[in-house]
Amino acid sequence: MDHIVDTMPGRTDQTRVPNGQEFIRATRKSARAAGITLFDINDPRQGIVHVVSPELGIALPGLTLVCPDSHTGTIGGLGALAWGIGSTEAEHALATQTLIVRRPRQTRVRFDGSLRLGVTAKDLILHLIGRYGADGGAGSAIEFAGEAIRQLPVEGRLTLCNMAVEFGAWTGIVAPDDSTIEYVRGRPYAPEGTAWDSAITAWGALKTDETAHFDAEIAVEVGGLAPQVSWGTSLQHIAATDGVVPSLDEAEDRHAKEAMERAQQYMGLTPGQRLRDVPINAAFIGSCTNARLSDLREAAGVLKGRKVSSGIRALCVPGSSTVKRAAEAEGLDTVFRDAGFEWRESGCSLCFYAGGEGFKPGDRVISSTNRNFEGRQGPGTRTHLASPVTVAASAILGHIGSVADLR
Amino acid sequence: MTNDGVFRGIAAPLLRINIDTDAIIPSREMKHVSKSGLAQGLFANWRYLNPGARDPNPDFVLNQAPFDRASILLAGANFGCGSSREHAVWALREWGIRAIIAPSFGSIFASNCLNNGLLPVRLDEDSVEVIAASVMEDPLGNQVTVDLGSRSIHFADRTWYFEIGEREQQMLLRGLSPIALTLESADLIDEFEAGDAKRRPWAIR
Ligand code: SF4
């Protein structure tokens, strides 16, 4: 249970999403009838599907996974082949254990160099989409490779692959390595004993041949990369936090220009405006992109001993109940609360608006989520996407800004 | 569509790029656990001045005659990107759209279309614009013909060919159920699964 549940403390089946209760009950009933384990509202394993499946060891390297949600590619961060499907395809997969898929185009994106301190997987993917466009991945399976990826912890790889779909990709994938194996080891559903031994042998073979041919290759040097933020309503509307809202002349064609113009109107921004001068009135840390334990730790590191700027509504919604408990065990909830954040139960929450809880028209939210579409977080709400550390820093500053601006 | 897969209809131009499924149907419009009743919510944010009260926005193309009877949509690149919600396709279908012509589509959206008898036609941007320009001049006179059998579109005196997989083409033409079609190969699936359980004991639980 993720999209439909409320995340207020003390929640029940009653959700603010219209007809949500009907949906929850129907799901529960169908799961029981079909003998499917449901991580229900009060189950300690409950959470956002793309957070839960890796953390429980249900998703493993080398598996093929589908789920009727567009961010299923997240699991590619473990080296699984995973992609989002529609509900008719989900029915087909359940009924036949198969899906017929045309071999996608294959693209390799190499991130060379090492990330600077305070620059994260989220900044990598925002930068990539900003530079090559929201359909730059054009239906392909993308392997993320290179030095920066090898250095990236598994949770960062999940963040990266989570947003491959925002790049227009069919899915994203990272070859499993020792960090992947260490990540999976000992998780509740992970293989054990001899099955574990044969698993790690099999996973060791999951890498691209040196002679492999890709339909397209992209190389990005990341050493100089600064924290990124979205300024508009498409994922290709990206700039550095110390950058400016671009001029319409920078658009590559007429359509992109029109889209930029609409976006600037919707976002209430003007070309040339410095993003650092843009005040925010809400901050959201949550979602399948950036609400794992490492994300909360990094954000808490920024928030510790500081306070959210006055007039800002700030929320933290852990990606799963498991993440929430682990964070509480480390005292992160206290850091968030002391800084002025609400501390919620796990779920999709304000990552998207479905007629239930949402931000208000005109609200300007800095958000660790993955989509900045018009109305995504509430009718008329303006979303700026960024990493959890940048969200935390902006919440303290009261305007868009990075950790470096705090000093 | 006739039995030979040919139909002719009014084409409505909506040439924005990156039209996502949230725009095609906002989440709040997906109220029930059902595939029907969604046409009302189609493009709700753009189609109504006030989504609550449902006052039509006269500037939105699908509110303008004769585009309010369109069966073909001309769209910008990356149409249907974003959320996997199949409701986007159900809403378009129920409203009356039978084919969408665009330079590219969100990949889940394109599969969802094919599973619901909606034809996604990929056509280069210049051609989409040529069609859109003539359609704007005379929507009734300049109708578009889609011929699924020969995988082509006819417009004025021009013909364009588009790609569609053999299986998908047959599914649409003959109205076949994808599950029934796959289960014709049930033996192969069983055989694979038995072998896989031996090859990858760690993958099965
Ligand atoms: S957290 Fe947001 S993006 Fe992720 S599954 Fe939920 S609604 Fe979708």
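Laboratory data are not the source of any read-out in this text; all were calculated from the coordinates shown. Here the structure is a predicted model, which is why all the values come from computation and not from measurement. FYI the Cβ positions are ideal-geometry reconstructions off the backbone, even for glycines, and counts take in every protein chain you see.
Tell me, how many Å apart are the Cα centres for segment A:349-368 and for segment A:252-280? Each part's Cα centre sits 20 Å from the other's.
For segment B:51-205, the Kirkwood estimate of the hydrodynamic radius, built from every pair of different alpha carbons, is 18.1 Å. One quarter of the convex hull surface built on the alpha carbon atoms of segment A:56-189 amounts to 8.4 nm², the projected area averaged over directions.
Would you work out the charge dipole size for chain A about its Cα centre, treating the Cβ of every Lys and Arg as +1 and the Cβ of every Asp and Glu as -1, and quote it to the nearest 20 debye?
Numbers: 41 positive and 47 negative charges, 179 e Å.
Dipole about the Cα centre, nearest 20: 860 debye.
Simple spin-label estimate for A:His213 and B:Asp124 gives 2.4 nm between the two label positions (7 Å along the Cα-to-Cβ direction from each Cα).
Between A:Gly73, A:Gly224, A:Gly340, the GNM of chain A built on Cα springs shorter than 10 angstrom shows A:Gly224 fluctuating the most. Dimensions of segment A:299-407 based on its C-alpha atoms, expressed as ranges along the principal axes with the largest first, amount to 35, 33, 21 Å. The fewest-to-most ranking of B:Arg16, B:Arg158 by surrounding Cβ atoms within 10 Å reads B:Arg158, B:Arg16. Pick out which of A:Val323, A:Val119, A:Val244 has the largest mean-square fluctuation in a Gaussian network model of chain A, springs linking Cα atoms closer than 10 Å. Highest fluctuation of the listed residues: A:Val244. Here B:Leu181 and A:Glu250 are evaluated by their C-beta separation; at R0 = 56 Å the FRET efficiency comes out at 0.70. Rounded to the nearest 10 degrees, the angle from helix B:125-137 to the longest Cα principal axis of chain B is 40 degrees.
Shown is the FRET efficiency for B:Val6 and A:Arg105, computed with R0 = 25 Å from the Cβ-Cβ distance and rounded to the nearest 0.05: 0.20. Ordered by the count of other Cβ atoms within 10 Å of each Cβ, fewest first, B:Ser83, B:Ser150, A:Ser310 give A:Ser310, B:Ser150, B:Ser83. Maximal additional length on extending the A:Glu258-A:Asp43 stretch stands at 72.7 nm, based on 0.36 nm per residue less the C-alpha distance. Highest mean packing first, where packing is the average number of other Cβ atoms within 10 Å per residue, the peptides A:173-180, A:246-253, B:121-128 line up as A:173-180, B:121-128, A:246-253. Ellipsoid semi-axes for segment A:1-117, based on the Cα gyration tensor and the rule √(5λ), read 29, 21, 13 Å when sorted largest first. Here's how it looks for B:Ile25: its modeled amide H is under 5 Å from those of B:Phe43, which are all 5 or more places away or on a different chain.
Where both bridge residues fall in segment B:9-141, DSSP classifies roughly 15% of the beta bridges as antiparallel. Measuring r between the beta carbons of B:Ser152 and A:Ala95 and using R0 = 35 Å, the FRET efficiency lands at 0.55. When chain A is treated as a GNM, springs tying every alpha-carbon pair under 10 Å, which of A:Thr211, A:Thr107, A:Thr120 comes out with the largest mean-square fluctuation? Comparing A:Thr211, A:Thr107, A:Thr120 in a Gaussian network model of chain A, the most mobile one is A:Thr211. By the count of neighbouring beta-carbon atoms within 10 Å, fewest first, A:Tyr183, B:Tyr48, B:Tyr161, A:Tyr189 end up ordered B:Tyr161, A:Tyr189, B:Tyr48, A:Tyr183.
Seen through its C-alpha gyration tensor, with square-root eigenvalues sorted a ≥ b ≥ c, chain A comes out rounded because a/c lies under 1.5. Normalised by the residues of chain A, what does the relative contact order come to in percent, with Cα pairs under 8 Å and at least six apart? Relative contact order, chain A: 18 percent.
Across all C-alpha atoms in segment A:190-280, the radius of gyration and Dmax reach 21.8, 61 Å.
For the pair A:Asp338 and A:Glu221 in one chain, pulling the backbone fully straight at 0.36 nm per residue adds 38.3 nm over the alpha carbon distance.
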